[in-house]
Amino acid sequence: MSQDLGQARWQAVWRERGWQARVLWPVSCLYGLINVIRRALYARGLFTVHHLPVPVVVVGNVVVGGAGKTPTVLALLSHLKAQGWRPGVVSRGHGRQGGGVLEVRAETPAVDSGDEPALIKRSSEVPVFVGARRVEAARALLSAYPEVNLLLCDDGLQHLALGRDLSVAVFDSRGVGNGWLLPAGLLREPWPPRQHQPFQPDLILQQTAEGQAQPAPIPAACALIYQAKRRLADRAWGPEEQCIELHALRGTPLVAMAGIALPETFFEMLRERGLQLQQTLALPDHADNATLSATLQACSGTLICTEKDAVKLFPIWRAAPQDSRPQIWTIPLELRPDPGFFEDVDRRLTKLSSLF
């Protein structure tokens, strides 16, 4: 089964409480029980929550895959820097080789850092450290960059060992799906959280594509809910830093490739911008270099990919013989949250800053 068909089938299972979801529901109950017990152990101090000497903002998904976490991190970094903060980022580095602490530099291969940390580093130019133990990564970052006065934890809502001072849960138009936990539904944790439940998010950011109808609101007990629109940028970039206006690609038959959780969302956004997709290639999320290299070699047309894929695909392209390189472009994704979202973040961080 192809990646896009497999994803579509699971998305259909998670959208409704049909027979397939019901078969998996007992496993979801066990998953939920483990989740509740684990949170209770951290809340009561039986498992240690490590607090750091700077504010920690956690951004993550309550639903599985593709909700827009990385664009949210990048939008927050841009805003925080404009407000005078000196942020750094810690991440597990999903899909990377090894689990030790590593500083992500501009030249660090994405296979060593993970594609999302590599994208964050290249797009924001802030200190980025990865590690299976995020607390160790955070301490290493603060030791190496003592000027950093705020940490963003990428994909850390379910990582309770690192203390958080502000947390943001990201949703997309899927909402909470059928409302059940994995594997019968989309949810990584019970939702909506009970009132006064420990570790529940402070803010919710629900993202929809530009021009898409407003989805049903996210049920929430206490967190404030904000909306955000995401769109493709007006320019595409190539592996040698060349730039082209997006409209210049209209009329060119394109091979669109996406190694993300929901590839069809990228393909649909390309179509909405008037681009002609001759072929679509839905690769596994966090596709490895071998898969990307094979895809590149097999491509005979103009290839267009996500930024997340480009951090691994562009170095492969540059290492290939010149006569075997297809034309290739990537298009950045822009996120435009409601102004009230950033205003709320600023208010909360102003209050927190007096505590550090």
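Nothing in this text is a laboratory measurement; each read-out follows from the coordinates by a stated rule. A quick note: this is a predicted structure, and the numbers were derived from the prediction, not measured. We place every Cβ from the backbone using ideal geometry, glycine too, and count neighbours over all the protein chains shown.
Where in the chain are the helices, taken as whole DSSP H runs, whose Cα atoms extend 30 angstrom or more along the long axis and whose Kyte-Doolittle mean reaches at least -1.0?
19-43
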Notebook entry, point to check: Which residue, L30, L254, L186, tops the fluctuation ranking in a GNM of the chain built on C-alpha contacts under 10 Å?
Noted result: L30
Checklist line | Cross-link pairs K69/K351; K81/K121; K229/K351; K121/K351 - those with Cα-Cα distance over 22 Å | finding: K69/K351; K229/K351; K121/K351
Check: So what is the calculated 222 nm ellipticity per residue for the chain, using -39500 (n - 2.57) for each DSSP H run with n of 4 or more, over all residues, to the nearest 500 deg cm²/dmol?
Finding: -11000 deg cm²/dmol
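First select every other residue whose beta carbon is under 14 angstrom from the beta carbon of G100; then total the charges, Lys and Arg +1, Asp and Glu -1.
+2
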Next item on the list: Would you mind counting up the charge near A310? Only other residues with Cβ under 10 Å from its Cβ, with Lys and Arg at +1 and Asp and Glu at -1.
Entry: 0
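Going by C-beta contacts inside 10 Å, put C153, C243 in order with the fewest on the left.
Fewest-to-most ranking of C153, C243: C243, C153.
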Notebook entry, point to check: When you count, for each residue, the other Cβ atoms within 10 Å and take the mean per peptide, how do 295-305, 188-198 rank with the highest first?
Noted result: 295-305, 188-198
Notebook entry, point to check: Can you list the aspartates and glutamates whose alpha carbon sits under 17 Å from that of K312, skipping same-chain ones fewer than 8 residues off?
Noted result: E107, D112, D115, E116, E240, E241, D285, D288
Notebook entry, point to check: When only DSSP loop residues count, what GluC sites (Glu not before Pro) in segment 239-294 have their Cβ near at most 16 other Cβ atoms within 10 Å?
Noted result: E240, E241
Check: If you plug each phi of segment 229-240 into the Karplus form 6.51 cos²θ - 1.76 cosθ + 1.60 with θ = phi - 60°, what whole-Hz ³J(HN,Hα) values come out, in order, with x for Gly and Pro?
Finding: 9, 10, 8, 6, 5, 7, 10, 10, 10, x, x, 10
Item checked: Chain lengthening between A40 and Q212 when straightened (0.36 nm per residue, less Cα-Cα) -> 58.0 nm
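Find out how many positive minus negative residues lie around S293, taking Lys and Arg as positive, Asp and Glu as negative, among other residues whose Cβ is under 15 Å from that of S293.
After counting each charged neighbour, the total is 0.
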Checklist line | Ascending count of other beta-carbon atoms within 10 Å, so fewest first, for S324, S91, S78, S28 | finding: S324, S78, S28, S91
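So between W10 and D234, what do we pick up on full extension, going 0.36 nm a residue minus the alpha carbon distance?
Going from the current span to full extension adds 77.4 nm.
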